[in-house]
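Worksheet: the structure to be examined is printed underneath.
The values are calculated or read from the model by the stated rules, or taken from the named source; none is laboratory data. Worth saying up front: this structure is predicted, and the values here are computed from it rather than measured. Here the Cβ positions follow ideal geometry from the backbone for every residue, glycine too, while neighbour counts run over all protein chains shown.
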Amino acid sequence: MKKLYLFLLCGLFCTANLNAQTWEIGVPANPGGVSSVTATLNDSTLTVSGTGAMFNWDWSNSPPWHDVRGSIKTVIIEDGVTTIGSNAFANSGTLMSVTIPNSVTTIGSTAFAWCFNLTSITIPESVTLIREGAFRGCTALISIEVEENNPNFSSINGVLFNKSQTLLIQYPAGKQGNYIIPENVTLVVMR
């Protein structure tokens, strides 16, 4: 009986490990070189790790997890990754939580667009560029917070501005109620 129990227990753990998928998703440092950024999907968590930039995808070239994006609830980007690729997590309708480390300097265009369950995101101080449409169509998004020491961006009550707060960049689509644009804002981009 103990052998049967041990066999069943081993089968359960072995099956759980088979569910994990890993992809090379980094831009090689040298032409023809090997990628140093990977993504691993384990259950509902996608972990991006390594050193360097992620690929940029578009509508004709989707990320490798595109067909299973409906099962991703959490994205953890580990320290060392410098760029979140364009379109990387777009249309991940079940995505609820994103962790961005202080090594990321660029968030690609439409990187998190149409993530209908994403309610908040924190931009670390290292981010110097947020491309157009990064959070477009995130209808549950109520807060975009920016770490205080970020040299290029800031936030007031979850609304994304440039550092001097003269440019309103993104009003979260899930925020309710009327909004009065601060007097010091001279341009509204609303990506």
task = Could you give me the residue pairs with C-beta distances under 8 Å whose first residue belongs to the stretch 156-175 and is under 19 Å from T186 (Cβ atoms), whose second residue is among the basic types (K, R) and surrounded by 16 or more Cβ atoms within 10 Å (Cβ to Cβ) wherever it lies, and which are 6+ apart or on separate chains?
result = I169/R191; Q170/R191
remark   = The residue from G158, G85 that alone is in contact with a Leu (Cβ under 9 Å, 6 or more places away or on another chain), modelled with pLDDT of 95 or more and either surrounded by 15 or more Cβ atoms within 10 Å (Cβ to Cβ) or not β-branched (V, I, T) (or both) is G158
ask   = Being free of Cβ contacts under 8 Å to residues at least 24 places away in the same chain, surrounded by fewer than 16 Cβ atoms within 10 Å (Cβ to Cβ) and farther than 21 Å from D58 by Cα, is that true of even one residue in the stretch 140-152?
value = yes
remark   = Out of (1) surrounded by fewer than 16 Cβ atoms within 10 Å (Cβ to Cβ); (2) among the polar types (S, T, N, Q); (3) outside any loop (DSSP other than H, G, I, E, B), the one N102 does not meet is (3)
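Yes or no, residue by residue, for (1) within 14 Å of N56 (Cβ to Cβ); (2) over 10 Å from the mean Cα position of the chain (by Cα); (3) aliphatic (A, V, I, L, M); (4) surrounded by fewer than 17 Cβ atoms within 10 Å (Cβ to Cβ):
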position: N91; (1), (2), (3), (4): no, yes, no, no
position: V98; (1), (2), (3), (4): no, no, yes, no
position: T106; (1), (2), (3), (4): yes, yes, no, no
position: A134; (1), (2), (3), (4): yes, no, yes, no
note = Note on the stretch 142-191: residues among the acidic types (D, E) and over 23 Å from W114 (Cβ atoms) are E147, E148, E183
request  = Run down N91, N117, N87 and say which single residue is assigned to a loop (DSSP other than H, G, I, E, B), of a type in the set (S, T, N, Q) and touching a helix residue (DSSP H, G or I) at 6+ places or on another chain (Cβ under 8 Å).
outcome  = N91
remark   = By my count, strands (runs of 3 or more DSSP E) wholly in the stretch 126-191 with at least 2 residues that are of a type in the set (A, V, I, L, M) are 143-146, 159-162, 167-170
